[in-house]
Amino acid sequence: MNEHLNTNIYTNLDKQEDSEGLVYIETYGCQMNFSDSEVVASILQANGYGITDNIDEADIILVNTCSIRENAENRIWGRLDIFRLQKRKKPSILIGVIGCMAERLKEKLLEDKKLVDLVVGPDAYRELPVLLRAAEGGQKGINVLLSREETYSDISPVRLDKNGVSAFVSIMRGCNNMCTYCVVPYVRGAERSRNPETIIREVHELIEGGYREVTLLGQNVDSYNWKNDKGERTSFAELLELVAKIDTKLRVRFSTSHPKDLSDEVLYTMAMYENICSHIHLPVQSGSSRILELMNRGYSREYYMNRVEAIRRILPDASITTDIIVGFCTETEIDHDQTLTLMQWVGYDYAYMYKYSERPNTKAARKLVDDVDEEIKTRRLTEIIELQQGKLSEISKNADIGRSFEVLVEGVSKKSTEHLYGRTSQNKVVVFPKQDAKIGDYVYAKIINATSATLLGKIVSEH
Ligand code: 5AD
Ligand code: SF4
């Protein structure tokens, strides 16, 4: 799961006239958080609140937060200071911190920031209306209970990102992996899978609403495991197949795969259905087996390579992307070099790259020493970024030039209204002159050139 998205995602939301109040939701963090904001919007709308994309008209500001690294939290502290100004302009405004940071810091948020009225963790969103009403009466509200069951399965999320083409569908919550660096199991609780019937119902609703692509979300989708009343199980591969069969014109994506759990069965299912996209986000974190062991990732360098070989064998056209952390506890130059050589060997199409950031109370914070100097972390990060964004992305792009791809059109290019953009099955963005194509169409685009972030193409009649 990647937390590269962090923006306010509303456009043209319908406003309710006689509402309890207007809520402005700002979301940070991963796709799961964006999906949660849609659940929050749905709960609030069902309770008479309106949703607005204009902070100036809001009666309530909710900030859905991320704790994954220290700088993610620092950005949110900065935002809270800006909300203080909003409160000065309109003292009746209520400010709520929800999501992962709410879960991690709990009461501390109410104490440190006098301006916060409400603190709600990721499993307590159903309580939001009650807590909001109490806060309206002047009582600070907090609920950070984690649940073993909550999946919000019965809630139809209000689609906040109104591109109308692609939507996130959450299939599970929480995480049981216990990577030593990671705060997620503490802030999102234990793993639980969502009833597949409700997932399928949600996908049907999306198709009826004109959507053409869904991304199934979970911290570790490969460990999706639903057990019904009769004890019958549904695995991730089975769920993927159920969703793919709904409509051959619906693209199906998923994120995130865990290398220790990615099965050949999932890869064969992907190969069987053309509408399951040929892209796997397979976070490696490090190329050194010693570091992977310290991270408690549950695989070695060799095992990871075996999974990549399986992908190349079963899905020769698939793109592979990853997450990498540099400067984890005790990382040496030799370990770092192994990350660089593994990156070269895989030839990632894209990578999210980070410096290790110690998170309080994680196993690494308790048992290991964050002993790689900041300058060394910075230098190692620069090295992996240079490798990825230089040579590796060059190879990836050059391999695409001259080929034609089916592209699902998602929007008008930011730079020119004469151009549209969309993505290939491999999740690469293509910009092309619009001709007669419309948002939501599938077109074939031949790639003629590439910039640093996108492929440039033109519409062709067929493959
Ligand atoms: N420090 C740096 N990066 C982290 N990630 C998770 N926890 C940390 C941390 N403590 C990265 C991992 C993960 C991605 C979502 O964020 O690479 O895959
Ligand atoms: Fe997502 Fe993890 Fe950030 Fe929570 S802490 S928003 S799960 S990336």
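If you scan the range 26-37, which residues turn out to be in a helix (DSSP H, G or I), farther than 13 Å from SER153 by Cα and not hydrophobic (A, V, I, L, M, F, W, C)?
GLN31, ASN33, SER37
Quick test of your reading of the structure: LEU455 fulfils all but one of (1) over 26 Å from the mean Cα position of the chain (by Cα); (2) of a type in the set (A, V, I, L, M, F, W, C); (3) within 25 Å of ILE276 (Cβ to Cβ). Name the failing condition by number.
(1)
From the list GLY189, GLY164, which one is open to solvent by 20 Å² or more (accessible area, probe 1.4 Å), on the phi > 0 side of the Ramachandran plot and more than 16 Å from ligand 1 (Cβ to nearest atom)?
When all the criteria are applied, what remains is GLY164.
Out of the residues in the range 54-71 that are open to solvent by 20 Å² or more (accessible area, probe 1.4 Å) and under 21 Å from the mean Cα position of the chain (by Cα), which is nearest to ligand 2 (Cβ to nearest atom)?
Only one residue tops the list, namely ILE68.
Check the range 199-211 and report whether any residue there is without any contact (Cβ under 8 Å) to a residue 24 or more places away in the chain, outside the structural domain of TYR356 (by TED's automatic domain parsing) and charged (D, E, K, R).
No - not one qualifying residue is present in the range 199-211.
Pick from the range 23-52 the residues that are open to solvent by 10 Å² or more (accessible area, probe 1.4 Å) and farther than 27 Å from TYR352 by Cβ: which of them is farthest from ligand 2 (Cβ to nearest atom)?
Restricting to residues being open to solvent by 10 Å² or more (accessible area, probe 1.4 Å) and farther than 27 Å from TYR352 by Cβ, the top hit is GLY48.
Going through the range 274-317 one residue at a time, which ones are closer than 14 Å to SER257 by Cβ, in contact with a Cys (Cβ under 9 Å, 6 or more places away or on another chain) and not charged (D, E, K, R)?
Those that are closer than 14 Å to SER257 by Cβ, in contact with a Cys (Cβ under 9 Å, 6 or more places away or on another chain) and not charged (D, E, K, R): GLN285, GLY298.
Take the range 55-88 and flag every residue that is within 16 Å of TYR24 (Cα to Cα) and basic (Lys, Arg).
Within the range 55-88, ARG79, ARG84, LYS87 qualify.
The values are calculated or read from the model by the stated rules, or taken from the named source; none is laboratory data. Note that this is a predicted model, so its numbers are computed, not measured. Methodologically, a virtual Cβ is constructed for each residue, glycine included, from the backbone with ideal geometry; neighbour enumeration extends over all protein chains shown. SASA here: full protein model, heavy atoms, side chains in, ligands and nucleic acids out. Shrake-Rupley method; radii C 1.70, N 1.55, O 1.52, S 1.80 Å.
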